[in-house]
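Q: One structure coming up, written as structure tokens, with questions to follow.
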Amino acid sequence: MEDIFERLAKSEFRSKFKLSKKDKAYIEEKGFDTIRRHAHDFIARRIAPAFIKNDGKQTPMRNHPVFTAQHATACCCRGCISKWHGFSKGRELTAAEQNYLVDIIMEWINRQLSKQG
């Protein structure tokens, strides 16, 4: 997992994403387990299918900590996932691939929460 975080850190675009105070408060209110369930649901419904009608536009840029994390970790659309994580487009993601993406998202969130300020 460190390899992907090292590569993401070198991306000016990906590095710009940060959790807002509102995101952090939402995580505190809902709890980490609920946020993980949201991540699983978003990946399963919006990312995992073989063909997505609005691929590249299905993940909002804000209004949920998982959405922010998806952009920060290149888990936001099948094009980014193919480029950054190597999971080809045009086929449904396996359960293991979905779990990997959720783990990356949750690790990014955890790292954001661990930062001071």
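Q: With θ set to phi - 60° and the Karplus curve 6.51 cos²θ - 1.76 cosθ + 1.60, what are the ³J(HN,Hα) couplings of segment 3-19 in order, to the nearest whole Hz, using x for Gly and Pro?
A: Taking θ as phi minus 60°, the curve returns 4, 5, 5, 5, 5, 4, 5, 7, 8, 4, 5, 5, 6, 6, 7, 9, 6 Hz for segment 3-19.
Q: Evaluate E = 1/(1 + (r/R0)^6) for Asn63 and Asp103, where r is the Cβ-Cβ distance and R0 equals 22 Å; express this FRET efficiency to the nearest 0.05.
A: FRET efficiency, Asn63 to Asp103: 0.45.
Q: If you plug each phi of segment 102-112 into the Karplus form 6.51 cos²θ - 1.76 cosθ + 1.60 with θ = phi - 60°, what whole-Hz ³J(HN,Hα) values come out, in order, with x for Gly and Pro?
A: 3J(HN,Hα) across segment 102-112, in whole Hz: 4, 4, 5, 4, 5, 5, 4, 4, 4, 5, 5.
Q: Looking at segment 1-52, which trypsin sites (Lys or Arg not before Pro) are DSSP coil and have at most 14 other C-beta atoms within 10 Å of their C-beta?
A: For trypsin sites (Lys or Arg not before Pro) across segment 1-52 that sit outside H, G, I, E and B with at most 14 neighbouring Cβ atoms in 10 Å, the list reads Lys10, Lys16, Lys18.
Q: For a Förster distance of 30 Å, can you work out the FRET efficiency between the beta-carbons of His85 and Thr34, rounded to the nearest 0.05?
A: 0.75
Q: Helix-only estimate, please: 222 nm mean residue ellipticity of the chain, summing -39500 (n - 2.57) across DSSP H runs of length 4 or more and dividing by its residues, to the nearest 500.
A: -17000 deg cm²/dmol
Q: Pairs of Cα atoms under 8 Å, at least six residues apart: use those to get the relative contact order of the chain, whole percent.
A: That works out to 31 percent.
Q: Just to confirm the filter: which GluC sites (Glu not before Pro) across segment 34-117 are DSSP coil and have at most 13 other Cβ within 10 angstrom of their Cβ?
A: Here the GluC sites (Glu not before Pro) that fit, given the DSSP loop and packing criteria, are Glu92.
Q: Using unit Cβ charges (K, R positive; D, E negative) and no other charged atoms, how large, in debye to the nearest 20, is the dipole of segment 1-110 about its Cα centre?
A: The dipole of segment 1-110 has a size of about 540 debye.
Bear in mind these aren't lab numbers, they're just calculated from the coordinates by the rules spelled out. All figures in this text were calculated on a predicted structure; none of them were measured in a lab. All Cβ positions, even for glycine, are placed from backbone atoms using ideal geometry, and neighbour counts span all protein chains on display.
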